Amino acid sequence: MKISEEYRKLEPLAFLFFALLGAVPVLIVPFFPTLDGPAHQYNAKLVGYLLTGHESQINSYFMFSRELLPNWFGHVLLFFFNLFLPSVYAVKAVLLCYVIGLPLAFRYMATSIQRDNVLLTYLIFPFVYTLFFLLGFYNFNMALVLLFLASGYWIRSGEKPGGFRYAGMFLLIVCTYFSHLFVFVVLMMALGLYEAGGLIRNFRDRFRKSLLLAIISLPCVLLCLIYLRGHELPHKTYLPWKELTNYIRNFSPLITLDANQLIFYTRSLVWLLLLVALTAYTLRLVYFLRQPKESRSSLLNSFKGGDGWLLLSIVLLVLYYFLPDSDGIAGYVSLRLCLLVFLALLAWISQQNLPGWVVVPALLVTFAVFQKQITYHIQAAQKFSPIAEEVKEASRFLEPNKVVLPLDYSGNWILGHLSNYLGHEKPVVLLEDYEASLPFFPVHFVRPISSGQPPESPVNQCNSYPWDECQGGMNTIDYIFIYGNAEDRKDSCNKQADIWIKDHFTQIYSSNWTHLYRKK
């Protein structure tokens, strides 16, 4: 669908307006709720403390990983923003890099092939607020931005080839690898399919550029193979095909907190994408069949640059039904694949020349879904931000270089790592640092986490938190931080824990959701 010259000049401003509109839920409150976000920022702070070596207590509990792992980009980005921004704004900067960066990177990629086909790029906006954004998967989210940015950059590199362009492409590939391994593999597949289409159309002219891409990608491909060889998948978990099909039918990656409020809109988006894709394919086929036989090119020669995204979507769909959902450590593989299937399909749709009777209804549905998402997440942010503010207030009463044991009584999954806000402004040891217990993050505990905990107090018997019994057990804990409504969880175990806490600790701060105790 073509647009008038007058609107063409204003249209980029309209796209920027919607990109900024998507940032409203993040900007409207001090703390936008994500599950892992507080933990990522806390560990980014630990990176800074470990680099300077000034905080002795931090160095006695934490150390850098001895491996260079493909899951570090988000922490590097946070560390960079922490250099010149307060903690709360550093986190916002990372969130905005994704919220605004994803639609801009997608548009950059889409217009690399079809410069005039800008209206279909608006279909990316409902893909911004995904479950993975609320989970706080910074590395995966930023990898999606890099996926489209690198794809568009490589396509445009044909216009102005040169050493600096190839160096820039190498940097984007490296950043994608260190952001998320699986998205890196998808990027390699997308670029490979794009180059394959170019080789089919003109092998002699294309071969040199394809070879350069292979050379540029080789170091990270080798790192990927080395990583996969050294990290087996011990506990594979597969989901039933019926459940996987329901994920697609409901577009589950876009359902964040309350399925009842969002499922109508996510299902509508599925039907929209499928109908638009089917229409685009049908129109392409009709156009091909209507060509005179003598002027028809072969089917392979009719393969366009953007058609690799359709093939990629099909390949990812096959993998979606056959790959495990979890390897025992990392999870949500099926939901990630589901999202990538639709993103690849959308990337292909954005390359098609569709009539106005298809584009206009698609835009109306897209804007309706996006408006619902913005409204819903503004309400969610306003609900959860005050709780995070209470945690930050409690952190004012902590002394630096002390050890804190958090106890989660909230019963809400998105608040699972809320206690990590305690370590955003001060160097404290938080024993609920899930990242330090996993092998694919930059900071680890100095000693392995014990699966069994010494029965020194009822707290150990009632709660499983990562802390090292070889480092002094309960005697090393300076503070206990409780968040949530403990009155709703007064089982016999927690009652004993409460008695023990009152005997050994003094309450120094209390609010609606938080309680902080200092050792007597």
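The values are calculated or read from the model by the stated rules, or taken from the named source; none is laboratory data. Since we're looking at a predicted model, the values are computed, not measured. Positions of Cβ are generated from backbone atoms using ideal geometry, with glycine treated the same way; all protein chains shown enter the neighbour counts.
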Every residue in segment 67-84 that is among the hydrophobic types (A, V, I, L, M, F, W, C) and either under 14 Å from Phe137 (Cα atoms) or surrounded by 14 or more Cβ atoms within 10 Å (Cβ to Cβ) (or both), please. Leu69, Trp72, Phe73, Val76, Leu77, Leu78, Phe79, Phe80, Phe81
Scan segment 88-116 for residues that are small (Gly, Ala, Ser), modelled with pLDDT of 95 or more and more than 19 Å from Leu340 (Cβ to Cβ) and jot them down. Ala90, Ala93
Determine whether Thr375 is surrounded by fewer than 18 Cβ atoms within 10 Å (Cβ to Cβ) and β-branched (Val, Ile, Thr). yes
Can you report the number of residues in segment 240-290 which are touching a Ser or Thr at 6+ places or on another chain (Cβ under 9 Å), among the polar types (S, T, N, Q) and surrounded by 13 or more Cβ atoms within 10 Å (Cβ to Cβ)? 4
Cross-chain or 6+ apart pairs with Cβ under 8 Å, segment 392-420 first and under 27 Å from Thr256 (Cβ atoms), then in a loop (DSSP other than H, G, I, E, B) and among the aromatic types (Phe, Trp, Tyr): Lys392/Phe31; Pro406/Tyr465; Leu407/Tyr465; Ser410/Trp513
Regarding Val24, is this residue modelled with pLDDT of 95 or more, farther than 30 Å from Trp357 by Cβ, among the hydrophobic types (A, V, I, L, M, F, W, C) and more than 18 Å from the chain's Cα centre (by Cα)? yes
Matching entry among Ala19, Ala39, Ala44 (being among the small types (Gly, Ala, Ser), on the phi < 0 side of the Ramachandran plot and either part of a loop (DSSP other than H, G, I, E, B) or surrounded by fewer than 22 Cβ atoms within 10 Å (Cβ to Cβ) (or both)): Ala19
Of (1) modelled with pLDDT of 90 or more; (2) hydroxyl-bearing (Ser, Thr, Tyr); (3) part of a loop (DSSP other than H, G, I, E, B), Ser451 fails just (1)
Going by what's in this entry, would His231 be described as in contact with a Gly (Cβ under 8 Å, 6 or more places away or on another chain), farther than 12 Å from Ser334 by Cα and not small (Gly, Ala, Ser)? no
Which listed residue, of Tyr138, Tyr108, is over 10 Å from the mean Cα position of the chain (by Cα) and at negative phi: Tyr108
Among the residues of segment 320-342, write down those that are part of a helix (DSSP H, G or I) and either surrounded by fewer than 17 Cβ atoms within 10 Å (Cβ to Cβ) or touching a residue at least 40 places away in the same chain (Cβ under 8 Å) (or both). Tyr320, Tyr321, Phe322, Val333, Ser334, Leu335, Arg336, Cys338, Leu339, Leu340, Val341, Phe342
Select from segment 384-394 the residues that are within 13 Å of Thr34 (Cα to Cα) and either more than 22 Å from the chain's Cα centre (by Cα) or buried (at least 18 other Cβ atoms within 10 Å of the Cβ) (or both) and list them in ascending order. Phe384, Ile387, Ala388
Among Leu244, Leu213, Leu218, Leu199, which is the only one that is aliphatic (A, V, I, L, M) and under 23 Å from the mean Cα position of the chain (by Cα)? Leu244
Need at least 2 residues that are assigned by TED's automatic domain parsing to the domain that holds Phe15 and touching a Phe, Trp or Tyr at 6+ places or on another chain (Cβ under 6 Å) per element, so show me which helices (runs of 4 or more DSSP H) inside segment 65-142 make the cut, counting only ones lying wholly within it. 73-82, 87-99, 101-113
